[in-house]
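Here is the structure we will look at, set down as C-alpha cells.
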Amino acid sequence: MKYAFWPGCVSKGACPELYTSMVRTSAALGIELVELYDGNCTGAGVISEHSMETADALNARNFAMAQRLDLPLINICSTCQGVQSMAQSRLKKNPKLAAEVNEALAEEGLFYDAEAGLEVKNFLWVLVEDFGLDRLKEVLKKPLTGLKAGPFYGCYIIRPEPILGFDEHPDRDKYLEYVIEAVGATLITYEGQDKCCGFPILTINKENSLSMAANHLSEAQEGGADCLVTPCPLCHLNLDAQQPDAAKYAKVDGLEVPILHLPQLIGLALGIDAKELRVDRHVVSSQKVLANL
Amino acid sequence: MQERSPAGGVAVSPTTYQKQGEADRQGCETGTARKDLLMDVRLKVKRFDPEAPDTSDRYQQYDLDMPESATVLDSLIEAREYQDGTLAMRCSCRSAICGSCAMRVNGRARLACKTQVRTLVEEGEEVVIEPAGNLPVIKDLVVDMAPFWDKVRAVKPWLQPSGPPPEREYIVPDEAMYGLNEVMNCIMCGACVSDCTVLEVDKTFLGPAALAKAWRFAGDPRDDAQLPRLRELSEPSGVWDCTRCNMCVEVCPKDVKPMDQILKLRAAATHAGITNNHGSRHTLAFVKLVGGETDLIDAAMGTKASGRLDEVRLPVYTHGRFNLIGQMKDLPIGLRMLRAGKMPSPFHKPIGGIKHVKRIFKRFAEKQGAGS
C-alpha cells in the first residue's frame with residue numbers, strides 16, 4: 001500500500017505529534033507514504049471564501065503532484081479532506097475552470113487531470129476501506145480493551161455527504177466507531193460527536209467556540225469516555241489546547257478529556273510506545289489513556 | 001377516536017385508504033393483497049405539554065401499519081387520527097413546499113412529508129421524532145417560529161432599489177440572477193435553524209435561514225442597499241459567527257445551501273472593504289500568509305507568504321497587527337502550547353514552490369469572491 005502523503009499545515013505546526021505518530025503508525029501497518037514536501041495549504045475553506053478559483057488552483061497543484069506520482073492521496077485532516085473533495089468536485093464539474101487552473105499550473109510543469117480524478121482519502125477511510133478492519137484486528141499487538149473511547153469526526157469529513165463519496169460508502173460517518181471497536185476499546189457515543197468543535201470561530205467569537213467544545217467534552221465525559229479520538233488536528237486543537245479555557249463553560253466539574261489523534265490510537269493498539277507516538281505532547285494529560293492500556 | 005384492527009387486518013383508515021391506488025384499494029376491500037403492502041412502523045415521539053403536571057422529557061411509542069411508501073408525516077397523521085388525538089404537530093401541503101413540518105427525525109432536521117420511513121430504518125425499527133431544535137417548543141412537535149421570523153425580518157428581506165422606479169418592470173439579465181437560484185428555493189421551514197451548531201450555543205446568531213435570505217437581496221442586482229446591508233451583517237451575531245460546519249447544507253430539504261450563501265456575503269463584505277472585524281481580518285491574513293502580497297510592516301514582522309499556514313502569525317493578524325492588547329489575550333494559550341511542545345516555530349519556512357503559489361494567487365486575484 002503506497003500513497004502520496006499530504007500531511008497538512010497543522011501536523012507540521014501546532015500538532016507535530018500528529019505527523020510523528022502518523023509516520024510511525026503507517027510504517028507499522030506497512031503503509032508507504034511518499035510525502036508531498038512541496039505541497040501547499042488546501043486553504044481550509046478560508047481561501048475559497050476569498051477567491052474560489054485560487055483555492056481550486058492550489059488544491060489542483062497538490063492533486064497534480066500526486067497524479068505525477070501515480071498514487072492515491074492520503075491526508076490526516078478532516079478539514080483537508082472536505083476542502084480537497086469539494087475542490088475535486090468543482091474541477092470535475094467545470095472543465096473550463098479545470099482548463100484555466102491547468103494553464104496556471106503549466107508554468108510549473110504540472111497538470112491535473114480532473115476528468116480522470118484522483119483518489120483522495122483521509123487515513124480513517126484508508127484504514128477501513130483499503131487496509132480493512134479485519135486485517136487491522138489481526139495485526140494488533142496490544143488491543144486496547146481497558147480503554148473507553150469516544151469518536152469526534154470533524155465536520156468536513158462527514159458533510160456534505162454528496163461530495164464525500166457517501167453514495168459509494170454510506171457508512172463513512174460510522175468509521176470512527178468501527179475503528180474504536182476494532183482496536184478493542186469500548187465505544188462511547190454521545191450527541192455532539194459529529195458536530196462542530198468550534199475551531200473556525202475561535203478568534204472571531206471565542207465564547208461560542210469554547211461553549212461548543214465544552215458541550216461535546218462534557219457529554220463525552222458524562223458518558224464515561226477516557227478519551228476522544230479524532231481524524232482532525234483542528235478539532236484536536238480546540239478540544240485539547242483550549243480545554244482549560246472551555247472548562248468554564250462545561251456542564252460537568254473537573255473537565256479532563258484527553259484528545260487522541262487517530263494514528264496515536266492505532267499506534268497504541270499496535271504496541272508502539274506511547275512516547276514514540278508523542279501522546280505526552282498534548283495540553284490535556286493523556287494519563288487517563290495510559291492508565292487504562 | 002376510531003378503533004383500528006390489529007396488524008394485517010383489513011380495516012384501513014380513511015387517510016391511508018385515500019393514498020392507495022385503485023388496485024390496492026380493491027385489495028383492501030377483499031382483504032387479500034392489502035396485507036403485503038403494509039409495513040410495521042414504530043414511532044417514538046417526544047411529547048411535551050406545558051400544562052401537564054410533569055413537563056420533563058417524555059417519549060411515546062406508536063405502532064402502526066403503514067403502506068410501504070408512507071412518509072414520516074403520513075405515519076404521524078395516522079397516529080394522531082387513530083391512536084392519539086392529543087398529539088400536536090404542524091403540517092399542510094404534504095408536498096415539501098409549505099415548510100410546515102420540519103422536525104427532527106432520528107436526530108436530524110427533515111421535512112416529515114419528504115421523508116419516507118423505509119429510507120430511514122428497516123421495517124419495524126424505531127423512528128425517533130422530536131420537535132425542531134433551537135426554537136422554543138409550544139407543544140409536542142409544534143415549535144414557536146417567532147424567533148425565526150424576527151431574524152428574517154431583521155435582515156430587511158425586501159428589495160431596496162434607489163432612484164425613481166422604471167416606467168415598466170426592473171430588467172436584469174438572466175445570468176445576474178443565477179447566483180440567487182439556490183436561495184430562491186428556500187421555503188422557510190427552519191430545518192437549518194433547527195440543527196445550526198452555533199445557535200445551539202448562542203441564540204443571538206442571525207442563523208442560516210435569515211442570512212441566506214439576506215444574500216437573496218444583497219446579491220440581487222436590483223438592490224442598491226448592498227453596502228449598508230453588508231455593514232450590518234458584518235456586526236457580531238452576523239455572517240462571521242457562522243462556524244462553517246455544513247450542517248445547514250446537509251439538512252436543508254430544498255438544497256438552498258445556506259452556508260454557501262453566508263460565505264458569499266462574507267466575500268462581498270470583505271471585497272467591499274468592510275474589513276474592520278476579526279472575521280474579515282482572519283480571511284485576509286490567511287490569504288496573505290499562504291500566498292498573498294506583503295508590505296514593509298509585514299517584512300519588519302518577519303512575515304512572508306510561505307505556501308502553508310503560519311499558525312503563529314495568523315492569530316496576531318486576526319487581532320490586528322497593531323492590536324497589542326488583543327494579541328496579549330492569546331498569551332496564556334501560547335504558553336500552554338509551548339509547555340506541551342505544540343508551539344509552532346516563529347521562523348516559518350516557505351515551501352520550495354512558493355513562487356508558483358504566489359503566482360497562482362496573483363493570477364486569480366481579480367476573480368475574487370465565493371460568489372463569483
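The values are calculated or read from the model by the stated rules, or taken from the named source; none is laboratory data. Small disclaimer: the values here were computed from a predicted structure and weren't measured. Please note: Cβ atoms are built from the backbone with ideal geometry, for glycine as well, and neighbour counts cover all protein chains shown.
Conditions tested, residue by residue: (1) surrounded by 14 or more Cβ atoms within 10 Å (Cβ to Cβ); (2) at pLDDT 95 or above; (3) more than 30 Å from A:GLU35 (Cα to Cα).
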site: B:ASN277; (1), (2), (3): yes, yes, yes
site: B:SER280; (1), (2), (3): yes, yes, yes
site: B:THR303; (1), (2), (3): yes, no, no
site: B:THR318; (1), (2), (3): yes, no, yes
site: B:PHE322; (1), (2), (3): no, no, yes
site: B:GLN327; (1), (2), (3): yes, no, yes
site: B:PRO344; (1), (2), (3): yes, no, no
site: B:GLY353; (1), (2), (3): yes, yes, no
site: B:ARG359; (1), (2), (3): yes, yes, no
Task: Of the criteria (1) in a loop (DSSP other than H, G, I, E, B); (2) surrounded by fewer than 22 Cβ atoms within 10 Å (Cβ to Cβ); (3) more than 8 Å from every other protein chain (Cβ to nearest Cβ); (4) not acidic (Asp, Glu), which one B:VAL256 fails - done: (2)
Task: Verdict on B:PRO221 being in a loop (DSSP other than H, G, I, E, B) and not aliphatic (A, V, I, L, M) - done: yes
Open item on the list: One residue is enough: does the stretch B:78-91 have a residue meeting the conditions in a loop (DSSP other than H, G, I, E, B), within 25 Å of A:GLY192 (Cα to Cα), modelled with pLDDT of 95 or more and in contact with a strand residue (DSSP E or B) (Cβ under 7 Å, 6 or more places away or on another chain)?
Closed with: no
Task: Top-ranked residue in the stretch B:286-322 [being farther than 13 Å from A:VAL46 by Cα, in a loop (DSSP other than H, G, I, E, B) and of a type in the set (A, V, I, L, M); ranked as nearest to the other protein chains (Cβ to nearest Cβ)] - done: B:VAL312
Open item on the list: Against the condition outside any helix (DSSP H, G or I) and within 12 Å of another protein chain (Cβ to nearest Cβ), how does B:THR275 come out, does it pass?
Closed with: yes
TODO: Give the residue, chosen from A:TYR153, A:TYR178, that is touching a strand residue (DSSP E or B) at 6+ places or on another chain (Cβ under 8 Å) and either within 14 Å of chain B (Cβ to nearest Cβ) or not in a loop (DSSP other than H, G, I, E, B) (or both).
DONE: A:TYR153
Open item on the list: Give all pairs with beta carbons closer than 6 Å in which a residue from the stretch A:25-38 that is in a loop (DSSP other than H, G, I, E, B) meets a residue that is surrounded by fewer than 19 Cβ atoms within 10 Å (Cβ to Cβ) and small (Gly, Ala, Ser); count only pairs at least 6 apart in sequence or on separate chains.
Closed with: A:ASP38/B:GLY352
- [ ] Looking for whichever is more than 10 Å from every other protein chain (Cβ to nearest Cβ), crowded, with 20+ Cβ neighbours inside 10 Å and at pLDDT 95 or above here; the options are A:ALA99, A:ALA55, A:ALA87, A:ALA60. Which one fits?
- [x] A:ALA87
TODO: Filter the helices (runs of 4 or more DSSP H) completely within the stretch B:126-212 down to those with at least 3 residues that are under 27 Å from A:GLU207 (Cβ atoms) and within 14 Å of chain A (Cβ to nearest Cβ).
DONE: B:191-195
- [ ] Test B:LEU338 against the criterion of being at pLDDT 90 or above, closer than 21 Å to A:LEU234 by Cβ, out of contact with any helix residue (DSSP H, G or I) (no Cβ under 9 Å at 6 or more places or on another chain) and assigned to a helix (DSSP H, G or I), and give yes or no.
- [x] yes
- [ ] Those residues that are small (Gly, Ala, Ser) and out of contact with any helix residue (DSSP H, G or I) (no Cβ under 8 Å at 6 or more places or on another chain), I need them from the stretch A:62-77; list them, please.
- [x] A:ALA66
TODO: Looking for whichever is out of contact with any strand residue (DSSP E or B) (no Cβ under 8 Å at 6 or more places or on another chain), in the same structural domain as A:THR145 (by TED's automatic domain parsing) and in a loop (DSSP other than H, G, I, E, B) here; the options are A:LYS248, A:LYS275. Which one fits?
DONE: A:LYS275
Task: For B:THR55: the one exception among (1) of a type in the set (Val, Ile, Thr); (2) over 28 Å from B:MET188 (Cβ atoms); (3) out of contact with any Asp or Glu (no Cβ under 9 Å at 6 or more places or on another chain) - done: (3)
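Here are some residues: A:ARG172, A:ARG159. Which one is modelled with pLDDT of 95 or more, crowded, with 24+ Cβ neighbours inside 10 Å, in a loop (DSSP other than H, G, I, E, B) and of a type in the set (D, E, K, R)?
Answer to the selection: A:ARG159.
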Task: When residues of the stretch B:134-174 are limited to those that are closer than 14 Å to B:ARG222 by Cβ and of a type in the set (S, T, N, Q), the one modelled with the highest pLDDT - done: B:GLN160
Task: Residue list for the stretch B:259-275, restricted to those being in contact with a Ser or Thr (Cβ under 6 Å, 6 or more places away or on another chain) and crowded, with 23+ Cβ neighbours inside 10 Å - done: B:ALA269, B:THR270
- [ ] Go through (1) within 14 Å of chain A (Cβ to nearest Cβ); (2) outside any loop (DSSP other than H, G, I, E, B); (3) buried (at least 22 other Cβ atoms within 10 Å of the Cβ) and name the single condition B:CYS245 misses.
- [x] (2)
Open item on the list: Let me spell it out: the conditions are (1) at pLDDT 95 or above; (2) under 23 Å from A:GLU103 (Cα atoms), and B:ILE262 meets all of them except one. Which number is the exception?
Closed with: (2)
TODO: Please tell me if B:ARG108 is within 22 Å of the chain's Cα centre (by Cα) and among the basic types (Lys, Arg).
DONE: yes
- [ ] Go through the residues of the stretch A:53-64 one by one and say whether even a single one is in a strand (DSSP E or B) and touching a strand residue (DSSP E or B) at 6+ places or on another chain (Cβ under 8 Å).
- [x] no
Task: Identity of the residue in the stretch B:213-223, out of contact with any Asp or Glu (no Cβ under 6 Å at 6 or more places or on another chain) and among the hydrophobic types (A, V, I, L, M, F, W, C), that ends up nearest to the other protein chains (Cβ to nearest Cβ) - done: B:TRP215
Task: Options B:SER75, B:SER95; residue that is of a type in the set (Gly, Ala, Ser) and touching a residue at least 24 places away in the same chain (Cβ under 8 Å) - done: B:SER75
- [ ] Identify all residues within the stretch A:1-21 that are within 8 Å of chain B (Cβ to nearest Cβ) and either surrounded by fewer than 24 Cβ atoms within 10 Å (Cβ to Cβ) or in a loop (DSSP other than H, G, I, E, B) (or both); write none if there are none.
- [x] A:CYS9, A:LYS12, A:GLY13, A:ALA14, A:CYS15, A:PRO16
